[in-house]
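Presented below is the structure to which this report refers.
The values are calculated or read from the model by the stated rules, or taken from the named source; none is laboratory data. Keep in mind it's a predicted model, so treat the numbers as computed, not measured. Cβ: placed from backbone, ideal geometry, glycine included. Neighbour counts: every protein chain shown. Calculation scope for accessible area: heavy atoms of the full protein, side chains included, ligands and nucleic acids excluded. Shrake-Rupley method; radii C 1.70, N 1.55, O 1.52, S 1.80 Å.
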Amino acid sequence: MFGDNSWGWENMADYYTKIENNHYNIDANLVNTLSVVSPLKPLLRLLPLPGQRHGTNADLCLLIYTHHHDCAVLQNLLLQPVDPQLTAVYSAIITKLDNLLTNLLTNLSNNLPLNLLTNLLQTVLPNVLNLLVDWNNWDNDQVQGGGFVIMTKKPDGTRSSVRDHLDKTKTDNPTRLTFQLDTLVTKILNCRETDGSIRAYGVETVVAPTGQSLLPGSPRFIGKYTNPTYTTFTAKNEIIISAGPFQSPQLLMLSGIGNTTQLTSHGINPLVNLPGVGENLQDRVEETVVWHMKQDWGIWNNCVLGETPGSDPCLAEWQNNGQKNLYAASAAIYAWSHKSDQSLPYRDVFSFWTPATFKGYYKGWGQETASDRKALLNVVLKAHAKSQGWVRLTGNHPQDTLEINKNQFQTPESLNDLHVVREEMKKARQFAQTNLLLAANIDEEVFPGPNVQTDAQLDDFIKRNQWGHHACCTAKIGVESDIMAVVDNNFKVYGVKGLRVLDNSVWPNIPGMFVTTPIYMISEKGADVVHAYAQSQGWTPTP
């Protein structure tokens, strides 16, 4: 797009390596064992092998694969006689992907002596079953198949998070990084320079009263402020906005940067006409099928998803027992990923299973999940969804609610997303009905339920109940000739000096299956861009 190789696939993939601290590559000795057995060679590219462009030095312990920790936890749970139902269901789901293994075993049995075959079955196949497709191996980008769900965890089972990284950064640089919580940025401060250009030089903020929130979506929100005390922060060099796909465009528009017609209609003085601000909203389409099992899951005993060890015996056990119970395992047992249409250049379906209930995001969903001890869930995620919506102001007050419209299922391409989700739900239902291990343990389907059967009924159900939580793309990167572009290839806002947007609102298209890792990658890219520019200008950091 820009003729800028730094945005090329190879360079951006290097940022993936930079943020990863990989703990699941299999042992090199096992690789050597596999490589000398010719029938196993086709399998090697599917496995997480040493040196396949995985990172191992990042502060964030990202992409911890289930093989080393989660599988060990899950295997311990499966071995407990208290929950044979989970063992049966787990076995049914993972063996759905047994075509690869069946072909492998056939080749092995035809080519190897019995003693060597027995040895391989005992030493190699447990690893194969635990690993299968490593989707984080660059060479497997479009490989279709199944695998355990990756986790951002440390080897001891504790969470690895951006929060930890930020805390460490502040500790290492106490004078250069400050967090001001419960603070709402209400406006970007701009001025007009002598040549007529617009420059951003600061932000205007309001601090929330103790115990309250300034955001209308928060349960601690008690109403709009009327006579606020504003605090202004000015920048020596640049302002970087990272408020997310809803509030980044809101902040730009409140500051006079956006569609001139819309701004004027809300009494906002337009400074820069950028019609793309708030447009191009994209998200996934996700939907679930939920069954009730014949018995409660034993692994949920004493687990209530509480916030403190005092309110949750399972959390207390997790803290006191080396992070070894259910809370150390993945949120999903297993996942399948494939193309809904084999002519597509990318995988666009991610389907995963977990022993819990979930029907979308709504008030009280967490309590329902914690209280339902016999649910089995299949989640269908449609990646690369084609809807394009918008985020628009409803007024000129920073606490006015936004008009957020994903505009889903309004075009033939977006309707195809709906149809793909429907067909994947039908596949999950068929699997649950025809797999002997699953069928023997399932009592009934509760969501959508037996009254939703025809394609028309399923389509209506999906329209009413689907959700997404990967919103993005509302201040997209693009060339200057693109009237809907908001920022350039260096994240600079068109028409405003000293202002950048750096978050997932800048993507022109929603990436991959999930957004967290791409957010990390684009953040590292942005940091390099800003640092290089600062050096070119001779800027020096504050001591």
Area accessible to solvent at Trp135, 1.4 Å probe radius, in Å²: 40 Å²
Ranked packing of 499-512, 237-250, 478-491, most packed first, by mean Cβ within 10 Å: 499-512, 237-250, 478-491
Which of the lysines could be linked to Lys492 by a straight reach, that is with a Cα gap under 18 Å, when you skip same-chain ones fewer than 8 residues away? Lys187, Lys236, Lys476, Lys525
Which aspartates and glutamates have a Cα less than 15 Å from the Cα of Lys406, not counting those fewer than 8 places away in the same chain? Glu279, Asp283, Glu286, Asp417
By accessible area with a 1.4 Å probe, ligands and nucleic acids excluded, highest first: order of Asp400, Asp455: Asp455, Asp400
Of all accessible heavy-atom area on region 337-407, the percent that carbon and sulfur account for (1.4 Å): 51 percent
